[in-house]
Amino acid sequence: MHDKERALDVIEFIQMLHHTGDFYGEPFLLLDWQYQVIWDVYGTVNESGYRQYRYAYLEIPKKNGKALAVDTPIPTPDGWKTMGQLCVGDKIFDENGKVCSVTFATDVMHGHTCYRVCFSDGTSIIADAEHNWLTNAWIDNPGHVKSKTVNQGKRAYSGSIARVRTTEEIRQTLKVNGGTTNNHSIAVCSPLELPDAELPIPPYTLGAWLGDGVSGRASIVCDSKDYAIIERIIAEGVPVKKYKKKDRTTEYGLTTGGRSSTDRRNSIQKALRDMGILSNKYIPAVYLRASIQQRKALLQGLMDTDGYVSKAGQCEFVTVRKNICDGVLELLRSLGYKPTLKVDKARVNGKECGDRYRIQFWSFKDDPCFTLQRKVNRLKDSAEQMTRSKNRHITDVIPVDSVPVKCIQVDSESHLYLAGEGMIPTHNTELVAGLALYHLYNDPPSG
């Protein structure tokens, strides 16, 4: 005999499975084959009304994971790895910026249907059709029970539907409003939480030098109205010596001016040379995995010197160096910002002289990316609800040739981990975990 109500009790429990924290209310939506297994095993009863089956053996074909391309970059506390390089025990990050561990990793899989998932910040990730994503959507997929609107603070739009969806589901409901509006969005991750790093040069000082420093020596050119930059450098314990003044700008050496062996050994000039960035500016890797406060100080040094904020409050960092551009993008993403990149031509006296990289993002007064007060004054007050700056929209899901893919599981509470150069939260779920929870807390038969 089959007891429909008993089967639905298990199915509804799993599909309304709640997590604590930021993703409270997120349901686990079963695939068709998972639904059928639970319907048969838990719904079949004997003449006494008890479940017929005390044991069930479930064999799933190998290489059916929910996977990403093996060359997908994955941020780790020590830098970057690819999905293909990850092994059980490796440390990566969840959506809250906390370190989590890889608890399972499949072999490399082939022959999966693959798509390139494109995001509104210009980044993309190749995933297979069954890969899971936690998205907010205005219109839910046909045939699924709509989850209630969940209160995720700044992680959800009011009125949107937040749940786990496959790449294929997202593709089928990509646009709303007659194809004019992106339906799905994914929240930007929180800042990566890491311990203080031992840095050769204080972070604000390095950021200021990367922005307005003389490439071949340890000195900074500063406008007289922005002398607060020099004061901040001095506050970090860096000696400053006034070199020369020209019009409103002055060059300041990051040095005591001493000639002793001790002075040379402890000099900023030597530290720049040892890091390989003298006459070759870029952000060293150790600074990109420093603590949140150290990374914020680095960003403020960069933005106080080479940053701009519009009257509307939008921030922009401009450089002609691709290496610095790449570092600033990674720095911003690691701090929970959503930067976008525009590339055009730099011009001097009307003549083109190479590419110019314009990185735009939003910062707010309660956590400013500047220390210069004239720039801070232009920032907006923090938004009370989710804004575009805290969301990436999925703009397209494009079929691509099948590529080697791999699936991992992590021990983060939400089952989310960060993937891609954009550090985008993506998801893996487990059917067995849901069944175990049902038996632990909600199984009616005694024993």
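The values are calculated or read from the model by the stated rules, or taken from the named source; none is laboratory data. As the structure is a prediction and not an experimental result, all values here were calculated from the model. Glycine gets a Cβ as well: all are built from the backbone with ideal geometry, and neighbour counts include every protein chain shown. The area values use the complete protein model at the heavy-atom level, side chains included, leaving out ligands, DNA and RNA. Shrake-Rupley method; radii C 1.70, N 1.55, O 1.52, S 1.80 Å.
Just by accessible area at a 1.4 angstrom probe, what is the order of ARG54, ARG321 from largest to smallest? Don't skip to the end; give the middle numbers.
Numbers: ARG54 205, ARG321 90 Å².
These residues rank, largest area first, as ARG54, ARG321.
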Overall Cα dimensions of the stretch 194-305, principal axis frame, Å, largest first
42, 34, 25
Would you grab the residues whose amide H sits under 5 Å from the one on MET423? Only those 5+ places off in sequence or on another chain, please, with H modelled 1.01 Å from N.
none
Inter-label distance for ASP411 and THR113, nm, one decimal - labels placed 7 Å from Cα along Cα-to-Cβ
3.6 nm
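Within the set of other residues whose C-beta is less than 10 Å from the C-beta of ARG333, count the net charge using Lys and Arg as +1 and Asp and Glu as -1. If you can, show how the numbers build up before the last one.
Details: positive: LYS338; negative: ASP121, GLU330, GLU421.
Net local charge, ARG333 excluded: -2.
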Distance violations [Cα-Cα > 30 Å] among LYS342/LYS406; LYS241/LYS390; LYS98/LYS311; LYS241/LYS375; LYS98/LYS241; LYS66/LYS342
LYS342/LYS406; LYS241/LYS390; LYS98/LYS311; LYS98/LYS241; LYS66/LYS342
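Per 0.36 nm of contour for each residue apart, how much would the distance between VAL348 and ASP274 grow if the chain were fully extended, relative to their Cα-Cα spacing? Walk me through the intermediate numbers first.
Values: separation 74, 0.36 × 74 = 26.64 nm, distance 3.27 nm.
Difference between extended and current length: 23.4 nm.
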Work out, step by step, the length gained on full extension between VAL99 and ALA312: first 0.36 nm times the residue separation, then minus their alpha carbon distance; give nm to one decimal.
73.1 nm
Given LYS242/LYS338; LYS81/LYS338; LYS225/LYS296, the pairs whose alpha carbons are separated by over 29 Å:
LYS242/LYS338
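At 1.4 Å probe size, with the rest of the protein present, what percent of the exposed accessible area of the stretch 282-417 is carbon and sulfur atoms? Each step should come with its number before you reach the end.
Working: 2810 of 6060 Å².
Of the solvent-accessible surface of the stretch 282-417, carbon and sulfur hold 46 percent.
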Please give every one of the aspartates and glutamates within straight-line cross-link reach of LYS365, meaning a C-alpha to C-alpha distance under 20 Å, and leave out same-chain neighbours fewer than 8 residues apart.
ASP226, ASP304, ASP306, GLU316, ASP381, GLU384
Quick one: which of 133-140, 234-241 comes out on top by average Cβ neighbours within 10 Å, and what's the full order, highest first?
133-140, 234-241
For the residue pair GLU47 and ARG356, what label-to-label distance in nm results when each label sits 7 Å from Cα along the Cα-to-beta-carbon direction?
8.7 nm
Within straight cross-link reach of LYS244, meaning Cα distance under 14 Å, which aspartates and glutamates are found once same-chain residues fewer than 8 apart are removed?
ASP223
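What number comes out for accessible area per residue over the stretch 279-372 if the probe is 1.4 Å? Units Å², please. Walk me through the numbers before you get to the answer.
Working: 3910 Å² over 94 residues.
Accessible surface, normalised per residue, equals 42 Å².
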